[in-house]
Structures are given as C-alpha cells and as structure tokens.
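What follows is a set of notes on a single structure, which appears directly below.
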C-alpha cells in the first residue's frame with residue numbers, strides 16, 4: 001500500500017479498494033503528459049464529477065442550515081465555499097500538496113502550492129470517493145472538513161493578505177512595498193500571471209494567478225505566512 005492510500009484511508013476512516021482510482025485523483029495533466037508510455041489518465045474527469053458532488057452537498061447543507069435565507073444569499077455563500085481558495089485551504093490542511101503528481105516544469109514552478117491545482121485535486125478526490133464509497137461518505141467527510149465550521153473557513157479565505165502583510169511589514173517603520181509583473185504566460189483566454197512582492201526593492205515572494213490581482217494576493221499570502229511563522 002502506498003503512502004498516499006494510507007494517508008487517504010486515515011482521512012476518510014475507510015479501507016480503500018480501488019487504489020488506482022484514488023491515485024488518479026492526484027495525477028495532474030502535466031504529469032500524465034510526460035508519462036505517455038504508461039497510458040495514464042489525469043484527474044480532470046474526476047474533478048468534473050467531484051465538482052458536481054461538492055455543489056449538491058454544500059447546497060443541501062446551506063438550504064437546511066439557513067432556512068430563512070433567500071436564494072441569492074445562499075448562492076453567494078455557496079460560491080464562497082466552493083471557490084478555489086476554500087478548497088485549496090482544505091487540500092493544504094490534509095497535506096494534498098505532498099502527494100500531487102506534477103510534470104517537471106509544473107513542479108519546478110511551485111505548482112503543488114498553487115490554489116487552482118490544489119482545488120482541482122481536492123475535487124478529484126471527492127469524485128473518487130463518491131465513485132467508490134458513495135455520497136454518504138463524501139457528505140460525512142465534508143461535514144467534518146468544511147460544513148460544520150464553514151463560517152470559520154469563510155473568515156480565513158476572505159482575509160485581506162495584502163493589508164495584513166503591509167501592516168506586519170511596517171511594524172518597525174515605513175517600508176516601500178511594490179508588486180511587479182514577473183511573467184505572463186498562456187493564451188489570452190487562460191493567462192497565468194506571476195507577480196513579485198518587493199520590499200525596499202528586494203524580492204520577498206512570488207505568486208501566480210489568472211489575474212494580476214490574484215497573483216498579488218497569493219504573493220502577499222506567502223510573504224505574510226512566512227512573517228508570522230506559519231510556513232518554513
């Protein structure tokens with residue numbers, strides 16, 4: 001039994017039968033593209049399924065938890081809970097970043113810490129769990145991980161990391177904080193921006209995202225977490 005499967009069994013509290021199914025949930029397309037002779041399948045189809053399972057479980061929970069809330073309010077709350085930062089937070093909490101299989105280029109650029117890749121992997125994991133164990137096991141998992149403390153999750157993912165970093169960095173005096181574009185890759189409809197966070201002209205951290213703003217927030221988050229000692 002692989003370390004990944006043992007780890008997932010501990011998280012779910014079950015015995016996994018189809019190990020290949022769950023391993024596929026952690027195979028990013030960049031990895032599969034480099035392993036063509038093995039005829040592997042990426043986690044994209046499982047992600048598609050997991051996304052749908054996640055939405056129905058979250059919708060059902062919010063419908064019952066907020067009996068007086070109108071549709072618009074429920075939709076906004078659901079959107080916050082199933083968006084990339086929330087799912088990436090849960091993926092990191094469960095150490096998924098240590099097990100994601102990435103291509104060499106994606107790995108070298110820090111793909112295992114990118115919100116989009118982590119969120120996709122989390123949804124693929126939900127899809128695999130649903131296929132083998134059914135919706136009740138997925139529901140129990142999400143209740144513990146997301147739904148029963150969803151208000152705290154929302155507070156965490158909605159933190160203004162740019163402001164938090166600025167306040168922390170200027171504790172002992174004024175410093176010059178700038179965000180600069182390092183690179184822009186991909187087609188117009190799916191561009192990836194890399195922004196650098198500079199303090200007094202020194203590069204402190206880098207962040208990537210589908211917009212400059214997303215990349216800046218990611219860079220600020222990484223820098224802030226280093227400042228308060230959350231990451232090494």
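The values are calculated or read from the model by the stated rules, or taken from the named source; none is laboratory data. Keep in mind that this is a model prediction, so the values were computed, not measured. Every residue, glycine as well, gets a Cβ built from its backbone with ideal geometry; the counts of neighbours run over all protein chains shown.
For this structure, a couple of remarks:
- Within region 160-182, if we keep just the residues that are without any contact (Cβ under 8 Å) to a residue 24 or more places away in the chain and more than 26 Å from the chain's Cα centre (by Cα), the residue that is nearest to residue 207 (Cα to Cα) turns out to be 177.
- Only one entry in 42, 30, 59 is surrounded by 13 or more Cβ atoms within 10 Å (Cβ to Cβ) and either without any contact (Cβ under 8 Å) to a residue 12 or more places away in the chain or in contact with a strand residue (DSSP E or B) (Cβ under 7 Å, 6 or more places away or on another chain) (or both), namely 42.
- Residue 135 passes every criterion in (1) buried (at least 21 other Cβ atoms within 10 Å of the Cβ); (2) in the same structural domain as residue 101 (by TED's automatic domain parsing); (3) modelled with pLDDT of 95 or more apart from (1).
- Checking 205, 211 one by one, the residue that is within 23 Å of residue 116 (Cα to Cα), under 19 Å from the mean Cα position of the chain (by Cα) and surrounded by 15 or more Cβ atoms within 10 Å (Cβ to Cβ) is 205 and no other.
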